[in-house]
1. Of the options A:Met354, A:Pro186, A:Pro90, report the single residue whose Cα projects farthest towards the positive end of the charge dipole of chain A (beta-carbon charges: Lys, Arg +1; Asp, Glu -1).
2. Once you've got the GNM for chain A with C-alpha springs shorter than 10 Å, pick whichever of A:Asn193, A:Asn32, A:Asn228 has the biggest mean-square fluctuation.
3. Indicate the helices, whole DSSP H runs only, in chain A that combine a mean Kyte-Doolittle hydropathy of 0.0 or more with a Cα extent along their long axis of 30 angstrom or more.
4. Top mean-square fluctuation among B:Val290, B:Val31, B:Val114, Gaussian network model of chain B, C-alpha springs under 10 Å?
5. Top mean-square fluctuation among A:Gly227, A:Gly167, A:Gly102, Gaussian network model of chain A, C-alpha springs under 10 Å?
6. Rounded, prolate or oblate: which one fits the stretch B:127-168, using the alpha carbon gyration tensor with axes a ≥ b ≥ c (rounded when a/c is under 1.5, else prolate when a/b beats b/c, else oblate)?
7. Can you give the charge dipole size of the protein assembly as shown about its Cα centre, rounded to the nearest 20 debye, using +1 on the beta carbon of Lys and Arg and -1 on the beta carbon of Asp and Glu?
8. Once you charge only the Cβ atoms, +1 for Lys and Arg and -1 for Asp and Glu, what is the size of the charge dipole of chain B about its Cα centre, to the nearest 20 debye?
Amino acid sequence: MPIAAKFEIEYLQYLDPEGKPVRKDLPDFAQNLDYMVELYKLMVSTRVFDTKSIALQRTGKLGTYASCLGHEATHVGIGASMKPEDVFAPSYREYGAQLYRGVRPRDVYMYWGGDERGSDYPDEPARHDFAWSVPIGTQCLHAAGSALAFKLRKEKRVAVCTIGDGGSSKADFYGAINVAGARDLPLVAAIVNNQWAISVPRKIQSGARTLAQKGIAAGLFCIQVDGNDIIAVRKAMGDAIERARKGDGGSVVECVTYRLGDHTTADDARRYRGKQEVEDAWKKDPVKRLRTWLEAKKAWNKKKEDALQHECEEWMDKEVNTYLETRAQPVTAMFDYTFAELPADLVKQREEAMALEKR
Amino acid sequence: MAAITLIEGVTQALAYEMKHDPSVVVLGEDVGVNGGVFRATQGLSEKFGEWRVFDTPLDETTIAGLTVGLAAQGMKPVAEAQFEGFIYPMMEQIVCHAARMRNRTRGRITCPAVFRAPWGGGIHAPEHHSEANEHLFTNVPGLRVVLPSSPARAYGLLLAAIRDPDPVVFFEPKRIYRQYKEEVPDDGEALPLDVCFVLRDGTDITLVTWGAEVKETLEAADALAKEGISAEVIDVATLTPLDFDTIAESVQKTGRCVIVQEAPKTAGFGAEIAARIAEECLYDLLAPVVRVAGWDIHTPLFRLEQKQLPSTARIVAAAKRVLAAG
């Protein structure tokens, strides 16, 4: 019988859950232990940042917050694979990637603390990245539009979007990879498959064996990686991004990880998933995995770990204080960014709001 | 100077701006070689190439999302929805992202995009091809909603829309796409956004309208004039942000107002204008404000379509009712 198409999806993993190498061909970057230590430090910082965020929310100092616990290898791996000139279109929990690109913890605290200035990242390269996208999957098309702009202007830049397993069900995701495939746009879509879209498990999210294979339909290069193994994420994403930069087309990289926390602080995952499942997932902890490997390589030890934890705590405390000390914007700020120039009607409404403030 | 139709005004504006601003790109389905289903982009692909006149896959969501991404990267995309009835899949991107980008990022990222759609009924089209749905967008902060009603205003307002630093939803009344020609200099002169155009001065009654109904409203003013009634006709042109001052000034002068809209009556944009008149001009009124609108129904298929569109006779009758009331 003639076959019209056949496909395979590679699964990439370098470190097993115990931190032991499962293959000998470690990528060049992973042989640079100083570099790997830097990635590890950011993973730990991200976790400390996340813990602090939840504590702030629980004490009423943040609004609803979306935790990134368990995603550290995927997120930092994605951020570390990008060049400064590339553009990132994140969902709403990819803090590890964003911290790598210069978003400050205080920016994230500001955003979830109810202040739009949290999305006005002052530092490059994050300054030219998109802000968090709350509507699911819509950011994939912003990345595709950016990739189209790069291609039109003949810029050697790549647009990277992240999307959840749930988000990969959305039309926007398919639209983005479809147009990227049709027009060879420099787009890399990283699916952060953390197994749960709020309460809907991966198995009823899609009948596809892998989420990566959705990219096959769009004509993109596709790979699935162990998203708790930062070496695998960094390698697959790095290759995909450079392929796109060279003009060899876009990719879908599925990073298989796990959402160790609730969907957001407004969610209680105990309502829909078993304790055992979460305990099993902790055995694949991405932070511990890299630490074990680095320790085996004599590149890390308890003393360094303690110092790092202390350093991270200090950093976050400082960021929290800066956030808490930042006064709310004046009421006029509600109006001032609706249009480049305020229309006459809004000028009147702005004056009315100001007058109410003065009463 | 050539005499052109309204749709040629659209094409002329696109061509002018693409020639003078390399960041302007046109995208949509069929906009390239085919020149758009109504031929609004005819010839542009030959002039500017297939990457600046970008044929997208058949997916309105993709067209809108790409537009947001392009605009965020400093391009000036002009996206086409083939019919306004197909704009619904674009709404999430327009409402959640295009309209909010500036506010969300405190001005760090903006969205200077234009979303064009042939609008309204009266061309014997199939289902979903004839809606007048501008009111779905006029309640969205951060958007401009523009509706030209003549070749000159199509040219001048589209140039202004492309040059505007914020997103514009640009509805084109397709019923009058090719109805008549007028001389429009291709000089790149934009018309102002956010202002109403007073098309005819009058003293007895103010007729406020926009889009294709400008034609019937002007005809109604002519008919009223024959009976010695002087009607002022205002083309709103930019619905939001609304230039209410021009409407208020007229209503204060005439004391009477009829609002004409093609869209269904309930919660249409005419309701906004009537409410503003009640808030700000009540004591200038000599009679209640009356709306002449589409019925609150789905646009009928074309055997009955004309019964949905406000006719000249309905506008004349409404004006006489207002005049009789005070």
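Rule-based calculations on the coordinates, nothing more; no lab input. Worth saying up front: this structure is predicted, and the values here are computed from it rather than measured. All Cβ positions, even for glycine, are placed from backbone atoms using ideal geometry, and neighbour counts span all protein chains on display.
1. Of A:Met354, A:Pro186, A:Pro90, it is A:Pro186.
2. Comparing A:Asn193, A:Asn32, A:Asn228 in the GNM, the peak value goes to A:Asn32.
3. A:33-58
4. It is B:Val290.
5. Fluctuation is largest for A:Gly102.
6. Because a/c hits 1.5 or more and a/b fails to exceed b/c, the stretch B:127-168 counts as oblate.
7. With only Lys, Arg, Asp and Glu charged at Cβ, the dipole is about 1960 debye.
8. 340 debye
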